[in-house]
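Student: Sharing a structure here in structure tokens format.
Throughout, read-outs are computed from the coordinates displayed, never taken from laboratory work. All values derive from a computational prediction rather than experimental measurement. Cβ atoms come from the backbone with ideal geometry, glycine included; neighbour counts cover every protein chain shown.
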Amino acid sequence: MSSLREQLGFGESKPLPSLVVLNGYPLAVFVAVTLHTLLLAGLLYLQGTSDSQALELVQPTVIKALLIDENPQVTNQRNQERRRVESQRREREKAAALKAQQEQREEAARQKRREEADAEAQRQRQVERERQQKAETEAAAKRERELREQREREAEQRRAREAAQQEQRRRDAEAAEAAAAEAASSEFELVQSATGLIQQLVTENWSRPPSARNGMRVVIQIRMLPTGELIDARITQSSGDPAFDRSAENAVYRAAPFSELTALPIRVFNQNFRTLSLIFQPEDLLN
């Protein structure tokens with residue numbers, strides 16, 4: 001059966017010990033019972049006279065006002081319960097706040113560790129890049145140094161080759177000069193020897209006419225083959241005495257051929273004896 005508190009809408013009431021009920025508020029119970037009895041009697045009386053008036057006389061607020069006062073012990077317990085619940089709520093909120101702070105600290109610590117890890121990874125990558133750059137720089141410097149040394153060696157070898165070539169050219173030039181000098185000396189000797197031989201042969205075959213006088217001079221140009229054979233002889237400068245000129249011309253023809261010229265090199269013959277001028281002038285006459 002529902003209690004009066006439940007019927008009036010104050011919620012479920014907790015059962016109280018009998019000792020508390022008897023000792024807590026016996027006067028209130030007595031007054032409530034008395035009032036209910038009087039009210040019930042009045043209602044019964046009024047019901048008999050007029051239903052409308054009876055209905056108008058019903059004032060639930062009077063009953064409600066009389067039941068508002070509760071046992072101080074129940075109120076105290078309810079307040080304690082409310083304070084306990086509030087305390088628990090605050091404890092839960094405090095625990096939740098502490099937990100949130102702890103989670104924030106842990107998240108901050110994790111974020112810091114991530115940032116430190118990222119910074120360390122970035123530093124390692126930077127160190128690796130610097131190491132690679134240093135290695136590349138050193139490799140490039142090494143290649144440049146090796147290339148420079150190779151160029152220096154090549155330049156030194158080139159200078160050595162050039163010096164050797166210059167020395168060889170100098171030696172070859174000296175040898176050529178010596179050979180040329182020797183050849184020139186030999187050629188000069190050959191030319192002098194052949195010229196002297198021709199002069200001797202012509203002189204031996206020259207019969208000077210009686211009209212020959214000192215100071216007379218005739219120049220005869222002769223042309224010969226490498227075999228020493230005479231092609232022709234012509235007077236390029238006359239002495240003025242036909243007999244003297246003819247005697248010189250006859251001496252050339254009588255002395256030819258000059259077979260000794262066959263021993264000469266062709267170059268020497270072409271340069272000196274292909275065409276030769278002979279001068280006839282008596283210098284040993286008395287008048």
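Student: Tell me, rounded to the nearest percent, the portion of alpha carbon pairs in the range 110-180 spaced more than 16 Å apart. Spell out each step's value before the answer.
Tutor: Numbers: 1777 of 2485 pairs.
Roughly 72 percent, rounded to a whole number.
Student: For E116 and L43, compute 0.36 nm times the residue count separating them, minus their Cα-Cα distance, and round to one decimal in nm. Write down the numbers at each step before the final one.
Tutor: Working: separation 73, 0.36 × 73 = 26.28 nm, distance 8.69 nm.
Full-extension gain reported as 17.6 nm.
Student: I've got another one for you. Step by step: find N for the range 75-228, compute 2.2 N^0.38 Å, then divide the Cα radius of gyration by it. What's the final number? Present the calculation step by step, with values, prior to reporting the outcome.
Tutor: Numbers: Rg = 59.5 Å, N = 154, 2.2 N^0.38 = 14.9 Å.
That works out to 3.99 for the range 75-228.
Student: What distance in nm lies between label points placed 7 Å from Cα along the C-beta direction at A263 and R234?
Tutor: For A263 paired with R234, the spin-label model returns 3.3 nm.
Student: On to the next question. What Rg and what Dmax come out for the range 182-254 when only alpha-carbon atoms are used, in angstroms?
Tutor: Cα-based Rg and Dmax for the range 182-254 come out at 14.2, 46 Å.
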